[in-house]
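Inspection log for the structure reproduced underneath, given as structure tokens.
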């Protein structure tokens, strides 16, 4: 399946990825090739097949709703790009 | 000291032949002198390694040593190591000092192992050649113009170059077995859920599994003994007893039934590759194994199914790399969207961006049934092929890769060319089965890998079969000519 250049820009935007305009054509070609590869699946009849989410068909394990983790905020924020008063800073979102 | 196996070192340390500090210093010096050529390490943690080695020697002096006390090794840079740079081969994490240890790292630390550092890899484990690393390509010690395989290329090159006796690695579609095959080594990818994924940076969570690259099956068994086991911190880890994998290595394999999938011996697999694999099978027959042709009819669907499931899962997993809490952030973001888009656009390499985009597309509204659900259905068909096969045979064997190690740049123009490299390895991850690659011959002086596929949780039998092969042949003892390369 071939993508057009606007679809590539839309997918990049959806993925929150800045892509140089000069590279759009290359992405268009490579992503289209990958989609051609995966389109082989459409020929397979899977109408009676249950999708497989876990190789051992395991179900989600549950645990008691109790506190198990300590608060390590200061430790984790040491590697953050920008923090203030225990918060992560980003450019202003609400004017 | 550098050509010793993990088992050798364990015996030597116990016998007092040398201390952990001595072998650690020896290997650190060797890394310093030669790794500029191979580029297998991203980080060498000299200080921590020497501290761990001293502690190990003290533990031994106090009479508290066991099998792993003081043994040097290294971790793929996908595993978080507390206080040590953990990059996953990406600019995105080029400043990420992990604030905690992965469970398997903790396991090795508790066992008394000495970590020499962190090993190079394809960016976020996406690649089959170690060419997508932000830290540069890794050279194959057998031929410096060739790739070591990927994504665990640094793990394989470091062991083949005799910088470490063994390394951790991870395998989502072949990332342990293919580099092990390309570098003449033993690679083990355990059953999905056998080893904790906690602290292993996620690529495709339903496929990722941690494992080992070593010279021998015996060493793989020793490493798996440390790594395997239940971990409440990984919700998909399986709570099941862990046997001593070294205890069954010497079992007889007489009567073992080996299945040979006809789809793995395709007409386009070169005669040379076929011959090496057939020779290995003949060796097994000499040891009393029986051979049976089987069919895995959905083999050709494994790569297409993988390239929906893995990108879809990676697009979700890598959304956490957003320039807010850790990792790379772009300069002077204008607004929040600019911060996300430029941090990710500048921080990720091209292959990672491609896979995120394929995944985002496959999961987008209106396409979910046609892509992700369809791939999960095909995945069950692929698993059913193996379930049926294991009703008839004990173990499945075939080539690990279609060719020996290829040259750098040979498969980078079209990503699909690179994807097809994993044709024999990828189905196991979709099925969640354990697999190994052991060196079984050479073509044009390059190693050829024999792949062994086991039933769920049958790592003991895989390691036993691999060990018996290595007791009867010497392919695993062959090493590249390192002298010429270290001088470069």
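The distance from the alpha carbon centre of region A:13-31 to that of region B:99-141 is 29 Å, rounded to a whole number.
Measuring spread by the Cα atoms of region B:190-250 yields a radius of gyration and Dmax of 12.0, 36 Å. Put the Cα centre of region B:298-322 next to the Cα centre of region B:188-217 and the gap is 17 Å. Counting, for every residue in B:295-304, the Cβ atoms of other protein chains within 10 Å of its Cβ and taking the mean gives 2.
Tell me, what is the Rg over Rh of the protein assembly as shown, with Rh the Kirkwood radius over Cα pairs? Each step should come with its number before you reach the end.
Numbers: Rg = 23.1 Å, Rh = 24.1 Å.
Rounded to two decimals, Rg/Rh equals 0.96.
When Rg and the Kirkwood radius Rh are both evaluated on Cα atoms of region B:124-281, their ratio Rg/Rh stands at 0.98. Summary of the geometry: region B:422-488 and region B:352-390, compared by the centres of their Cα atoms, lie 28 Å apart. Here the peptides B:363-369, B:383-389, B:178-184 are ranked by packing, the mean other Cβ count within 10 Å, and the order with the highest first is B:178-184, B:383-389, B:363-369. Counting, for every residue in B:94-102, the Cβ atoms of other protein chains within 10 Å of its Cβ and taking the mean gives 2.
Can you give the Rg to Rh ratio for region B:353-468, taking only C-alpha atoms and Rh from Kirkwood? It would help to have the intermediate numbers written out before the result.
Numbers: Rg = 17.2 Å, Rh = 16.5 Å.
Ratio of gyration radius to Kirkwood radius: 1.04.
With a 10 Å cut-off around each Cβ of A:18-31, the average count of Cβ atoms from other chains is 3. When each of the peptides B:38-45, B:294-301, B:334-341 is scored by the mean number of other C-beta atoms lying within 10 Å of its residues, the order from highest to lowest reads B:38-45, B:294-301, B:334-341.
Take the alpha-carbon positions of chain B, form their convex hull, and give its projected area averaged over all directions (one quarter of the hull surface) in nm².
Orientation-averaged projected area of the Cα hull: 22.1 nm².
Packing here is the average count of other Cβ atoms within 10 Å per residue, and on that basis the peptides B:458-464, B:246-252, highest first, run B:458-464, B:246-252.
On the principal axes of its alpha-carbon atoms, region B:235-346 has extents of 69, 41, 23 Å, going from largest to smallest. For region B:103-202, the normalised intensity computed at q = 0.14, 0.16, 0.22 Å⁻¹ comes to -0.49, -0.64, -1.16 (log10 of I(q)/I(0), Debye sum over alpha carbons, equal scatterers, no solvent).
Taking the 0 to 90 degree range and rounding to the nearest ten, how far is the long axis of helix A:5-14 tilted relative to the main principal axis of chain A, both from C-alpha atoms? Tilt of helix A:5-14: around 20 degrees. Take every Cα pair under 8 Å whose residues are at least 6 apart in sequence, average their separation, divide by the length of chain B, and the relative contact order is 18 percent. Considering region B:294-426 at the alpha-carbon level, its Rg and Dmax are found to be 18.8, 63 Å.
How much of the calculated P(r) for chain A lies past 23 Å, in percent of all Cα pairs? Cα-Cα pairs of chain A separated by over 23 Å account for 66 percent.
All of the numbers you see were taken from the coordinates with simple rules; none came from a lab. Note that the coordinates shown come from a computational prediction; the quantities given were computed from them, not determined experimentally. Every residue, glycine as well, gets a Cβ built from its backbone with ideal geometry; the counts of neighbours run over all protein chains shown.
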